[in-house]
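First up is the structure itself, then whatever we jot down about it.
The values are calculated or read from the model by the stated rules, or taken from the named source; none is laboratory data. In this text the structure is predicted, and so the values were computed from the model without any measurement. Note that each Cβ is placed from the backbone with ideal geometry, even for glycine, and that neighbours are counted across all protein chains shown.
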């Protein structure tokens, strides 16, 4: 009996041992994925450390792209009425406009720091000895009116000039009356035709007293018979 009991005990112990080993193998198999995940996380940490270290290595910095503001670009291309000295810009614009109209040879434009001088020849503006504005000069005066409207700080002086040939008519007893009448005609056209403020204007008549050339030839006299329009920026003074 003792022998049989002893065999049973050995059998039970052997079976129990196998169950323990089988259970241990099962536990090891269940935890194998944890080992793999741990290795993967370790590798990721190593790569992160290497990447961070490389990004901290001193080197040439990339230049930041220059931001371009479309509105500021347009304002540089399109003249601003508040610009301190827009005279050169106006000179170019007006010259291009008159060239397009085929009238650039009838007008001289001179730009200074704070003044624009527009000289209009008599032959496109008036008949000799008269002060009624000719239709051919209207596109020129319309262009000038547009500039005056665009720059409200500009004051305008209109000067009438004649040559030295005397005039003595019932309407114009001398060149003084004729030169003033011509300046007045230009003034009235700008005010009535374009609604400009009369307070911005000054007119003068100079007769033959301020010639551009000596009154020696018909060509020189033709240059002296003219109307000058001066635009002065009082805001810049």
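A compact table of results
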| quantity | calculated |
| --- | --- |
| Residue within the stretch 147-165 that is without any contact (Cβ under 8 Å) to a residue 40 or more places away in the chain and in the same structural domain as residue 183 (by TED's automatic domain parsing) present | no |
| Any chance residue 116 is over 22 Å from residue 196 (Cβ atoms), assigned by TED's automatic domain parsing to the domain that holds residue 189 and in contact (Cβ under 8 Å) with a residue 40 or more places away in the chain | no |
| Test: residue in the stretch 176-194 that is at pLDDT 95 or above and assigned to a strand (DSSP E or B) | no |
| Enumeration of residues in the stretch 91-113 that are surrounded by 14 or more Cβ atoms within 10 Å (Cβ to Cβ), under 21 Å from residue 221 (Cβ atoms) and free of Cβ contacts under 8 Å to residues at least 24 places away in the same chain | 108 |
| Identity of the residue in the stretch 179-228, without any contact (Cβ under 8 Å) to a residue 12 or more places away in the chain and within 19 Å of residue 137 (Cα to Cα), that ends up surrounded by the most Cβ atoms within 10 Å (Cβ to Cβ) | 191 |
